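Notes follow once the structure below has been shown.
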Amino acid sequence: MFSLQKNCAQKTIWLVFVVCLTGSTMSGCATTPYVYQPALIQSPEPLLAEGEPQIARGKRRPVIDGIGWVIGIPGKVLLWDRRIDNHNVSPETEEVIAAYLEKNGLEQVKVRVNEYDPVGEWKRLRKNKAVGWGWRYTAGTLTALSYTLLPGRIIGGDNYNPFTNTISLYSDHPAVALHEGGHAKDFGTRKYKGTYAVAGALPVVSLWPEAIATNDALGYLRAEEDFETEEEAYQVLYPAYATYIAGAATPFLPYADLAVKAGAVIPAHVVGRWKAREVKQEQLARHARSELQQVSATQTEPIPDQLGEQPQQVEQAYFEQAVPAGEPKVQTDSFLKRGNFNQAGE
């Protein structure tokens, strides 16, 4: 009985911690000035062969993708979005990540959209000289083996592999794609990429790169003024960050302890929807100000007929009244400029 009460108290404290940490870590993250084109430290050897597309899409496999969709149900429920691990990435999501990579100068990053290509990943591991050979052939080899033996084409899990500089997408959600792009951008600026990757995989420490990637995705959407996607991003990235916190708290039960993750995402969903509501209200206020400015500009715009005709008529009448009767009327400068000099001399 005492143990049960202790566990309940610990879970209560944990949920409060999730809310506080999520709000303090990422509140206002989309308001900071966004930086395009950071100083990147890239591989001296091109990672893409000549003519090789940066974004590769796997062929449609209904049976395999159907199995992947079923396996991805827990992720859909936790993040409350059916697009998570649906293995059916739309061209619109692909365009979003393509634009992000272009605007941030990440031309060496490979994007695999629901694709399984272990041979290509082993080749990229060998060619990615931006990571030291010691890390590439130890930790990097483990990531390549994991990709080969546990294909994301089935088990899902959008991710970025810094050892091969590859983004793998299985979810049709632009914010999720941008989050993985944020990882690629973050690692692109690191000199010691292998050390940063291994350290970032440790419990608790992993929350730091995840927060950076989330903040970058939100900041990018704000800079691009894509407010609709920004709303969706808050609703999915905040709960996703809560799952990272739960994973850091239970490093030895990353897949089995769904109860902890479920308890962690509930307050994160509340905070995420609150932030999304703020974005919506801000967007409505912006539209209202824009319409008000347009109405104000229309009301204060002068009427063309009143600009030149009335003053000219008044001035002409004044000079006609000022000349005594019987004397020739003196013409004004504007009158002479109109070519009426001969008439004035007669």
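The values are calculated or read from the model by the stated rules, or taken from the named source; none is laboratory data. All values derive from a computational prediction rather than experimental measurement. Cβ coordinates were reconstructed from backbone atoms using ideal geometry, including for glycine residues, and neighbour counts include every protein chain displayed. Just the protein is used for accessible areas: all its heavy atoms, side chains included, with ligands, DNA and RNA removed. Shrake-Rupley method; radii C 1.70, N 1.55, O 1.52, S 1.80 Å.
Restricting attention to the stretch 121-138, report how many residues are part of a helix (DSSP H, G or I) and either open to solvent by 30 Å² or more (accessible area, probe 1.4 Å) or touching a residue at least 60 places away in the same chain (Cβ under 8 Å) (or both).
Number satisfying all stated conditions: 8.
If you check every pair at least six apart or on different chains, which have Cβ atoms under 6 Å apart with a residue in the stretch 65-81 that is within 21 Å of VAL270 (Cα to Cα) first and a residue that is open to solvent by 60 Å² or more (accessible area, probe 1.4 Å) second?
LYS76/ARG82
Looking at VAL111, is it within 17 Å of the chain's Cα centre (by Cα), at pLDDT 90 or above and surrounded by 14 or more Cβ atoms within 10 Å (Cβ to Cβ)?
For VAL111, the condition - within 17 Å of the chain's Cα centre (by Cα), at pLDDT 90 or above and surrounded by 14 or more Cβ atoms within 10 Å (Cβ to Cβ) - is met.
Looking at the stretch 191-206, is at least one residue open to solvent by less than 10 Å² (accessible area, probe 1.4 Å) and either over 28 Å from ALA130 (Cβ atoms) or not aromatic (Phe, Trp, Tyr) (or both)?
There is at least one residue in the stretch 191-206 that is open to solvent by less than 10 Å² (accessible area, probe 1.4 Å) and either over 28 Å from ALA130 (Cβ atoms) or not aromatic (Phe, Trp, Tyr) (or both).
From the list GLU232, GLU225, which one is without any contact (Cβ under 8 Å) to a residue 60 or more places away in the chain, surrounded by fewer than 22 Cβ atoms within 10 Å (Cβ to Cβ) and on the phi > 0 side of the Ramachandran plot?
GLU225
Is the stretch 58-74 home to any residue that is more than 27 Å from ALA233 (Cβ to Cβ), touching a His at 6+ places or on another chain (Cβ under 9 Å), open to solvent by less than 70 Å² (accessible area, probe 1.4 Å) and small (Gly, Ala, Ser)?
yes
Output the residues belonging to the stretch 76-110 that are over 17 Å from GLY58 (Cα atoms) and out of contact with any helix residue (DSSP H, G or I) (no Cβ under 6 Å at 6 or more places or on another chain).
LYS76, VAL77, TRP80, ARG83, ALA99, LEU101, GLU102, LYS103, GLY105, GLU107, GLN108
Starting from the stretch 140-153, keep only residues that are among the basic types (Lys, Arg), then list their pairs with residues that are in a loop (DSSP other than H, G, I, E, B) whose Cβ atoms are within a distance under 8 Å, requiring at least 6 positions of separation or different chains.
Cβ pairs passing all conditions: ARG153/GLY58; ARG153/ARG61; ARG153/HIS87; ARG153/ASN114; ARG153/GLU115; ARG153/TYR116; ARG153/TYR170.
Given the criteria at pLDDT 95 or above, open to solvent by less than 10 Å² (accessible area, probe 1.4 Å) and either under 30 Å from GLU230 (Cβ atoms) or among the small types (Gly, Ala, Ser) (or both), does ILE97 qualify?
yes
Taking the options ALA211, ALA177, ALA199, name whichever one is within 23 Å of GLU107 (Cβ to Cβ) and at pLDDT 95 or above.
After ruling out the rest, the residue left standing is ALA177.
Counting just the residues of the stretch 34-79 that are among the charged types (D, E, K, R) and assigned to a helix (DSSP H, G or I), which one comes out farthest from PHE187 (Cα to Cα)?
This residue is ASP65.
For (1) within 24 Å of SER43 (Cβ to Cβ); (2) open to solvent by less than 10 Å² (accessible area, probe 1.4 Å); (3) part of a helix (DSSP H, G or I), each residue gets a yes or a no:
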position: VAL176; (1), (2), (3): no, no, yes
position: GLY181; (1), (2), (3): yes, yes, yes
position: THR214; (1), (2), (3): no, yes, yes
position: LEU221; (1), (2), (3): no, yes, yes
position: TYR241; (1), (2), (3): no, yes, yes
